[in-house]
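Visitor: One structure follows; several queries about it will come next.
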Amino acid sequence: MMAHTLQLTAEGRLRHFLTIEELNREILLEILETAESFLSMSLHQVQKVPILRGKTIVNLFFENSTRTRTTFELAAKRLSADVLNINIATSATSKGESLLDTIRNLEAMHIDMFVVRHALSGAAHFIAQHVSSHISVINAGDGQHAHPTQAMLDMFTIRQYKKTFADLKVAIVGDILHSRVARSQIQALNILGVNEVRVIAPKTLLPVEVEQLGVTPYHDMVTGLEDIDVIIMLRLQKERMNSALLPSESEYFKCFGLTEKKLKLAKPDVIVMHPGPINRGVEIESSVADGKHSVILQQVSNGIAVRMAIISLAMQIQPFGA
Ligand code: CP
């Protein structure tokens, strides 16, 4: 049994979903299996299940989002929960109310779950430490730290196309240094036991001692993409760069942008992924983003079933039995 942590109950079940790193293979597989069942339900036209009727989920996004916020809302609605989307720009936070006071006031409205995105690493963890015992917190992205639901929908998509994890070689390309998505993906890929995780980036966009994350670093696409089954492209997170880390976007595209020519360096059945938002002509050629190897929009669709699974498991509901 797994040690009791903030995000797990004493029995080792999910209570909050804050980070991948302290979870085990069984929990990650349970999320994937539960999502699989939700996905096959939606294929059979059953769009809604009543398992969260009477529960209220609050989307608390202090940073912009298109994919994560909307797929969380759809996931909650398909589980029959009530959903509140708090508009931070028009909320009392903009009048100086503290994060904790905002949380206390929302708690007083008898909510059951917070889905939190925040620019500060550790924000979701902080909220989880302060909420009442019946409330769950899900991290929808905190600073440069973690984006665990994105990593799980990416693992789901990889399994959908490649069936198993054991033999896979996965390359994550781009701004690893500032990417919460990359950190969570690397943890999940290693827990699920892929053959190799490579990171491909200029030295300025890799954390120091990156090998300690369980990856092999490469600084060029020609050697890095050789024999690769899955390519995950990342955007340059310019909003998190406080100095010039690159000569220019065009130079970056020339060296690290994924083009049709570079794609041929990987295995013939390689899949191309990207968490979004994509910047065409900066990290990825348009024809590759829209091409036959791309599963980028499938990742977005899968986000609904995976988030349905994570919401219901964190609420201690096992929709398809133990
Ligand atoms: N992948 C992702 O987090 O996208 P959004 O910022 O649109 O939610």
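Visitor: Check I158, I228, I135, I186 and return the single one that is modelled with pLDDT of 95 or more, out of contact with any His (no Cβ under 7 Å at 6 or more places or on another chain) and over 30 Å from F61 (Cβ atoms).
Guide: Residue meeting the stated conditions: I228.
Visitor: Going by what's in this entry, would V295 be described as away from the ligand (no atom under 16 Å from the Cβ), open to solvent by less than 30 Å² (accessible area, probe 1.4 Å) and not hydroxyl-bearing (S, T, Y)?
Guide: no
Visitor: Being in a loop (DSSP other than H, G, I, E, B) and polar (S, T, N, Q) is the filter here; which residues of segment 173-206 pass it?
Guide: If the condition is that a residue be in a loop (DSSP other than H, G, I, E, B) and polar (S, T, N, Q), then S179, N195 are the ones that fit.
Visitor: If you don't mind, another one. One residue is enough: does segment 110-122 have a residue meeting the conditions surrounded by 16 or more Cβ atoms within 10 Å (Cβ to Cβ), within 15 Å of the ligand (Cβ to nearest atom) and basic (K, R)?
Guide: Yes, segment 110-122 contains at least one residue that is surrounded by 16 or more Cβ atoms within 10 Å (Cβ to Cβ), within 15 Å of the ligand (Cβ to nearest atom) and basic (K, R).
Visitor: If you don't mind, another one. How about segment 207-322: which strands (runs of 3 or more DSSP E) wholly inside it have at least 3 residues that are in contact with a helix residue (DSSP H, G or I) (Cβ under 8 Å, 6 or more places away or on another chain) and among the aliphatic types (A, V, I, L, M)?
Guide: Where strands (runs of 3 or more DSSP E) fall fully within segment 207-322 and carry at least 3 residues being in contact with a helix residue (DSSP H, G or I) (Cβ under 8 Å, 6 or more places away or on another chain) and among the aliphatic types (A, V, I, L, M), they are 230-233, 271-273.
Visitor: For segment 159-167, does any single residue satisfy the condition of being under 16 Å from the mean Cα position of the chain (by Cα) and either open to solvent by less than 10 Å² (accessible area, probe 1.4 Å) or under 15 Å from H118 (Cβ atoms) (or both)?
Guide: The answer is no; no qualifying residue exists.
Visitor: Name the single residue, out of those in segment 47-78 being more than 13 Å from the ligand (Cβ to nearest atom) and among the polar types (S, T, N, Q), that is least open to solvent (accessible area, probe 1.4 Å).
Guide: T56
Visitor: Further question on the same structure: One residue is enough: does segment 254-272 have a residue meeting the conditions at pLDDT 95 or above, within 16 Å of the ligand (Cβ to nearest atom) and either out of contact with any Pro (no Cβ under 8 Å at 6 or more places or on another chain) or of a type in the set (K, R) (or both)?
Guide: Looking for residues that are at pLDDT 95 or above, within 16 Å of the ligand (Cβ to nearest atom) and either out of contact with any Pro (no Cβ under 8 Å at 6 or more places or on another chain) or of a type in the set (K, R) (or both), one finds at least one in segment 254-272, hence yes.
The values are calculated or read from the model by the stated rules, or taken from the named source; none is laboratory data. It should be emphasised that the depicted structure is a prediction, and the values quoted were computed from it without experimental measurement. All Cβ positions, glycine included, derive from the backbone under ideal geometry; neighbour counts span all protein chains shown. The area values use the complete protein model at the heavy-atom level, side chains included, leaving out ligands, DNA and RNA. Shrake-Rupley method; radii C 1.70, N 1.55, O 1.52, S 1.80 Å.
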